[in-house]
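This report refers to the structure that appears directly beneath it.
The values are calculated or read from the model by the stated rules, or taken from the named source; none is laboratory data. Because the structure is predicted, anything quoted here is derived from the model rather than measured. FYI the Cβ positions are ideal-geometry reconstructions off the backbone, even for glycines, and counts take in every protein chain you see.
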Amino acid sequence: MANTAKKRIGILTGGGDCPGLNPAIRGCVYAAERYGYECVGLTDGWKGLVEGTTTPLNREITEYIIMKGGTILGTSRTNPVKVEDGVKKCLENFKKLDLHALVAMGGDDTLGVATKLYKDHKLNVIGVPKTMDNDLNVTDYTFGFDTSVTRAMEAAQSLLDTGASHHRIMVLEVMGRHAGWVALYTAIASAADFVCIPERTIDTSEMIRKLKESYARKRFALVVTSEAAELPAAGEDKMKHAVDQFGHRILKDRGMGEHISQFIEKQTGIETRFAVIGHMQRGGSPTLFDRMLATRVGIKAAELVHSGQFGMMSALVGNNIVGVPLENATGELKTVSKDWFDTMELMF
Ligand code: F6P
């Protein structure tokens, strides 16, 4: 008798969550089912494959998740390479769960593990790029970024209102890790007076000069800073940080917003307040752009599985969704390039 069992695709979401993961899962499930596969969710990122924990996934379950933030599969920053026998367990569970392929949705870390499993163990892996930091190479945008910047932009606008009423300088600290994209886009989009990003040493005297000038003109000012920007005068001694399983500095307690706000108040003599938007910029309903991009890269991932193009990632190039080698996307971060500095000069 012919074997009529459907081939199974496992889907996982790893690293920091971001809006768009659910639309991407949905796109992938819809396309996979059309090609005749069945899907299963691995819970909490790579932890799910290490431990073999799953949750059902099908068209019915995913029908209305397009508007939901976060990820219905759960996530974690588990790195199988750092867990005892982690990689071995991943390979064993892949077999035990009778998977034909694995779709890993994540940023540099998650996709780095996917690349390793593909290269070292020939596992049938496909990557889907996501991150609010927008710091992945080879794809023009990652879903999550548009929603997070939109949230941060709205927060910046609220700060403008209260700053203008109280005649203060307001500082907003945003996430983005070691790439300044979130800070830069938030600052441009909210008519900020100055932006601090990790890619560019802050010229503190220039910053203070500009803020005094802005304040003299309108009696308030707004600064947007990335969590990872460096304030030379603050000194790294106050900025200690633990690292996660992927060796990244945990930046949340670093307090860049507070440091910079104290520095500005001291140098200008103008009352200054700071706010940290933190994880609020990572939750909530995805924007239209993110819903569409996520859906498209999710669909493409299922197509790549179906055509057997393992070791690839779905990417946005121009307005097309294409397959690119996973290893080209990981390893080196896409940070704010020098050609943006001229735009920064113009806008701030
Ligand atoms: O990589 C996404 C991100 O939100 C970064 O911008 C931020 O530095 C980090 O994750 C925060 O991680 P966690 O949610 O583990 O505190």
(message) Between Val195, Val128, Val171, which is within 13 Å of the chain's Cα centre (by Cα) and part of a strand (DSSP E or B)?
(response) Val128
(request) Report yes if some residue within the range 267-280 is farther than 27 Å from Leu159 by Cβ and not in a loop (DSSP other than H, G, I, E, B); otherwise report no. (result) no
(message) Could you list, ordered by first residue, the pairs with Cβ atoms under 6 Å in which the first is in the range 154-170 and buried (at least 23 other Cβ atoms within 10 Å of the Cβ) and the second is among the polar types (S, T, N, Q) and in a loop (DSSP other than H, G, I, E, B), at least 6 apart or interchain?
(response) Ala156/Ser190
(message) If Asp109 satisfies all but one of (1) acidic (Asp, Glu); (2) crowded, with 24+ Cβ neighbours inside 10 Å; (3) over 29 Å from Glu213 (Cβ atoms), what's the number of the condition it fails?
(response) (2)
(request) Select from the range 309-348 the residues that are assigned to a loop (DSSP other than H, G, I, E, B) and touching a strand residue (DSSP E or B) at 6+ places or on another chain (Cβ under 9 Å) and write down the one among them that is surrounded by the fewest Cβ atoms within 10 Å (Cβ to Cβ). (result) Gln309
(message) Please pick out the residue among Gly36, Gly86, Gly52 that is crowded, with 17+ Cβ neighbours inside 10 Å and modelled with pLDDT of 95 or more.
(response) Gly86
(request) Mind listing whichever residues of the range 86-135 are within 16 Å of the ligand (Cβ to nearest atom) and polar (S, T, N, Q)? (result) Thr110, Thr131, Asn134
(request) Return the only residue of Asp253, Asp237 being assigned to a loop (DSSP other than H, G, I, E, B) and either more than 16 Å from the ligand (Cβ to nearest atom) or modelled with pLDDT under 95 (or both). (result) Asp253
